[in-house]
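**Q** Supplied in structure tokens, the structure appears directly below.
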Amino acid sequence: MASTLSQLQFGRLRGLRAKLVRRYEHQPLVSCLIGLYGCRWRRYERSLTQPGECCCNKLEGVSFALLVAAFCLTLVFLYFWGQAKNDYNDFDWFNFGNLGFWFPWSVVLLVIAAGFFTYITVLMLLAVCLLSEGQKLRLHWSHKIGILVSLTFSIVATAVLSDLWSKEWKTLQLSFQITAPYLHVGGVLLMTALAWPIALHFFRMNSRVRRGLILGVYLTVLSALYLVPLGLYSPCIKEEGTLGPAPALLGHRGAPMLAPENTLMSFEKAAEAGSKGLETDVTISFDGVPFLMHDYTLRRTTNIHEVFPNRTDHPAAMFTWAELDSLNAGAWFLSHDPFGTAGSLGAEDRLRAEKQPVCSLQAFLQLAAKKDKLVIFDLYRPPRGHPYRDTWIQRTLEVIQNESSFRSSQVLWLPSDLRALVQEMDPELQQTSGSRLTLEELQINNIVKLNLHYSSMSSQLIREYAAVNISTNLYVISQPWLFSLAWCSGVQSVTTNAPQLLSTMRSPLLLMSPNEYNLMWIFTDVVSLVLILIIFIFHWWRERGLAFSSGNKITADNGTYSKFKTELSDIWSVSSANSQAERTNLATVTEH
């Protein structure tokens with residue numbers, strides 16, 4: 001009885017081992033994969049790789065290498081352009097200045113990049129699934145053309161943007177300080193999933209060179225991913241209780257997502273959204289009235305093409321205040337919808353935005369005084385032939401001191417021209433530098449605040465400036481991830497297009513303690529390593545079992561991928577005999 005049960009258990013174990021060792025070809029799935037990847041739909045075509053064979057010929061190998069390259073480049077470009085969203089408005093207006101008409105090129109470019117990436121990713125998934133099923137790769141010519149088009153788009157778009165907008169690469173570097181911990185997890189998971197097809201083909205290859213190459217590349221990439229956190233730095237990985245207060249918000253030309261920029265409505269919206277200060281741009285009219293205008297001409301933000309069609313390219317400073325006051329500075333906001341937010345305005349706000357005039361510096365300062373807000377502005381020197389070309393600074397100071405109720409101490413004086421004279425005329429102004437000077441130069445010029453582009457963000461420099469009572473303001477920060485980075489870096493204030501969004505944040509995004517980060521890093525790497533070892537050991541054991549059972553002779557039968565008839569026949573014979581013996585013994589026991 002015991003001998004019979006032992007034989008039965010042994011037979012079952014051999015049957016289980018045979019099932020694990022046997023490779024199956026999932027015909028419906030493979031048919032679908034081949035149809036999508038190779039566009040062969042009319043009939044099912046098996047193209048199995050046999051032991052010692054490569055997964056594809058040289059031409060298909062080149063195609064697969066191009067597919068991998070296209071996947072990497074489209075991913076990099078999509079990530080790069082996605083992180084550049086903070087500056088989409090600048091990009092669109094840059095194109096407006098060169099092309100002469102408005103179009104949301106930034107969003108179109110994002111959609112195209114996402115489309116190419118999705119297409120290439122689907123092809124990559126199909127290729128990996130086919131490799132996991134032991135199939136040879138035969139990519140259809142139409143997909144090969146699609147890969148070349150995607151690759152060309154990514155290379156050309158990256159090259160053009162690098163040439164015209166190279167500062168955005170600094171944005172990409174900054175984004176890694178926030179996203180790197182999570183990109184690391186995603187990369188490790190991807191390499192863990194690729195272990196299955198790589199192990200399958202590694203143990204089926206006879207060429208030592210190919211085996212060494214595939215394993216070497218895989219282990220190199222995997223090791224680099226495992227060790228990436230050693231060189232990673234993020235200001236948002238910090239001990240609890242060390243996070244400072246949120247940076248104060250300065251409305252960039254007001255709240256340009258909610259109202260036309262540099263209008264009273266825009267500044268009122270910024271104040272309502274919780275901005276501590278208001279940022280603007282000041283130009284002097286031909287008759288000496290300082291007014292708010294960022295551009296050199298009036299073409300972008302007014303209806304000058306209707307009122308003065310022959311002067312659309314004239315400098316804004318060459319118009320009198322009466323002429324400027326006759327222009328509409330708000331209708332363009334509703335027609336162009338530069339941030340895609342005009343649709344969120346109510347009927348009353350839309351009507352009000354549509355009728356906004358050009359705003360004078362005096363009206364702006366009166367509003368800031370009423371709302372008790374700080375003020376910072378760029379001051380543009382008038383062009384040659386302008387009556388106030390040499391007295392533009394004195395004229396601006398006159399408006400601040402004599403033509404408004406605004407306190408000079410609330411002004412962050414940014415213009416660097418004639419700074420000594422300005423300090424002498426109004427010592428209460430908060431002197432602000434738009435350049436990153438040495439500490440000695442800053443102290444000599446009585447600078448109390450730095451106004452820098454966000455690409456200059458550095459936790460160390462911010463701490464050094466703060467140690468000598470010089471605060472830092474960064475511009476223009478409108479995305480939550482970038483604001484979170486500034487917050488974690490200790491920045492005192494930021495200029496933003498989105499005060500209504502950033503004012504609602506109660507803590508930085510992706511903030512974690514060093515212990516939490518180390519736990520996430522180590523746990524991810526250890527789990528990945530264990531899974532990869534299990535996958536490689538399983539494929540080694542299965543390939544060894546197949547070779548031993550079949551005497552290295554492999555056949556295909558009835559859609560089965562590498563069945564071994566002799567072994568299976570013996571297994572089923574033993575299993576049937578054991579089952580019959582078990583039934584006989586049970587019958588005997590029942591009779592007794």
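The values are calculated or read from the model by the stated rules, or taken from the named source; none is laboratory data. Quick caveat: nothing in here was measured; it's all calculated off a predicted structure. For neighbour counting, all protein chains shown are included, and Cβ atoms are generated from backbone atoms with ideal geometry for every residue, glycine included. Each accessible area value is taken on the protein alone, full model and side chains, heavy atoms only, with ligands, DNA and RNA left out. Shrake-Rupley method; radii C 1.70, N 1.55, O 1.52, S 1.80 Å.
**Q** Compute the signed sum of charges (Lys and Arg +1, Asp and Glu -1) over the other residues within less than 14 Å, Cβ to Cβ, of H143.
**A** +2
**Q** Using θ = phi - 60° and the Karplus form 6.51 cos²θ - 1.76 cosθ + 1.60, what ³J(HN,Hα) does each residue of region 252-259 get, whole Hz, x for Gly and Pro?
**A** Running phi through 6.51 cos²θ - 1.76 cosθ + 1.60 with θ = phi - 60° gives 6, 6, x, 10, x, 7, 10, 6 Hz.
**Q** Oh, and also: Could you work out the Kirkwood radius for region 318-472, taking every pair of different alpha carbons, averaging 1/r and inverting it, reported in Å?
**A** For region 318-472, inverting the mean 1/r across all distinct Cα pairs yields 18.3 Å.
**Q** Oh, and also: Please state the equivalent ellipsoid semi-axes for region 149-240: what are the square roots of 5 times the Cα gyration tensor eigenvalues, largest first, in whole Å?
**A** Here the semi-axes work out to 32, 23, 10 Å.
**Q** Distances longer than 16 Å among the Cα atoms of region 254-331: what percent of all pairs is that?
**A** Summing the P(r) tail past 16 Å for region 254-331 gives 50 percent.
**Q** Given K85/K373; K85/K167; K167/K269; K269/K371, which pairs have Cα atoms separated by over 23 Å?
**A** On the way: K85/K373 28 Å; K85/K167 13 Å; K167/K269 30 Å; K269/K371 11 Å.
Violating the 23 Å limit, Cα to Cα: K85/K373; K167/K269.
**Q** For region 307-466, give me the percentage of DSSP beta bridges that are antiparallel, rounded to the nearest 5 percent.
**A** Here the antiparallel bridges make up roughly 10 percent for region 307-466.
**Q** Okay, moving on. What residues qualify as long-range amide H neighbours of L379, i.e. H under 5 Å apart, gap of 5 or more or another chain, H built at 1.01 Å from N?
**A** Correct list: V282.
**Q** Checking a compactness column here: for region 335-390, what do you get for Rg(Cα) / (2.2 N^0.38 Å), N being the number of residues?
**A** My calculation over the Cα atoms of region 335-390 gives 1.61.
**Q** How compact is region 381-509 by the rule of thumb for globular proteins, expressed as Cα Rg over 2.2 N^0.38 Å?
**A** Expressed relative to 2.2 N^0.38 Å, the Cα Rg reads 1.21.
**Q** Within region 228-378, what percent of beta bridges assigned by DSSP are antiparallel, to the nearest 5?
**A** Details: 6 of 14 bridges.
In region 228-378, approximately 45 percent of DSSP beta bridges are antiparallel ones.
**Q** Using θ = phi - 60° and the Karplus relation 6.51 cos²θ - 1.76 cosθ + 1.60, list the HN-Hα couplings for region 448-456 in order, rounded to whole Hz, with x at every Gly or Pro.
**A** Values, residue by residue: 10, 8, 9, 10, 10, 5, 4, 5, 7 Hz.
**Q** Next question. Alpha carbons only, please: Rg and Dmax for region 227-293, in angstrom.
**A** When restricted to the Cα atoms of region 227-293, Rg and Dmax are 19.3, 65 Å.
**Q** Okay, next question. Mind grabbing the accessible area of V156 for me, 1.4 Å probe, Å², rounded to tens?
**A** The accessible area comes out at roughly 80 Å².
**Q** Could you name the aspartates and glutamates whose alpha carbon sits less than 19 Å from that of K238, not counting residues in the same chain fewer than 8 places away?
**A** Partners found: E464, E516.
**Q** How much area per residue is accessible in region 222-342 when the probe is 1.4 Å and only protein heavy atoms are counted (Å²)?
**A** Heavy-atom accessible area per residue stands at 38 Å².
**Q** Specify which residue in the list H294, S275, M265 is farthest towards the positive end of the charge dipole of region 264-307, using unit charges on the beta carbon of Lys, Arg (+1) and Asp, Glu (-1), about the Cα centre.
**A** The one lying farthest along the dipole's positive direction is S275.
**Q** Quick one: plug the Kirkwood hydrodynamic radius of region 66-110 (C-alpha pairs) into Stokes-Einstein at 20 °C, 1.002 mPa s, and report D in µm²/s. Intermediate results must be reported in sequence, preceding the final value.
**A** Values: Rh = 11.6 Å.
Diffusion coefficient, whole number: 184 µm²/s.
**Q** Related question: Filter the chymotrypsin sites (Phe, Trp or Tyr not before Pro) in region 233-327 to those in DSSP coil with at most 12 other Cβ atoms within 10 Å of their Cβ, and list the result.
**A** Y233
**Q** Continuing with this model, one more query. ³J(HN,Hα) across region 399-415 via Karplus (A = 6.51, B = -1.76, C = 1.60, θ = phi - 60°), whole Hz, x for Gly/Pro?
**A** For region 399-415, the Karplus curve yields 5, 5, 7, 10, 10, 8, 9, 7, 7, 4, 5, 8, 9, 8, 7, 8, x Hz.
**Q** Quick query: amide H of G330 versus all other amide H atoms, modeled in the peptide plane; which residues come in under 5 Å with a sequence gap of 5 or more or a different chain?
**A** Under 5 Å from the amide H of G330 lie the amide H atoms of Q356, each far enough along the sequence or on another chain.
**Q** A follow-up question, please. Counting only residues 5 or more places away or on other chains, whose amide H sits under 5 Å from the amide H of A248 once H atoms are built in the peptide plane?
**A** For A248, whose amide H was placed from the backbone, the distant partners under 5 Å are S493, V494.
**Q** Now, a different point. Over the C-alpha atoms of region 270-399, what are the Rg and the largest Cα-to-Cα span, Dmax, in Å?
**A** Rg, Dmax (Cα atoms, Å): 15.3, 45.
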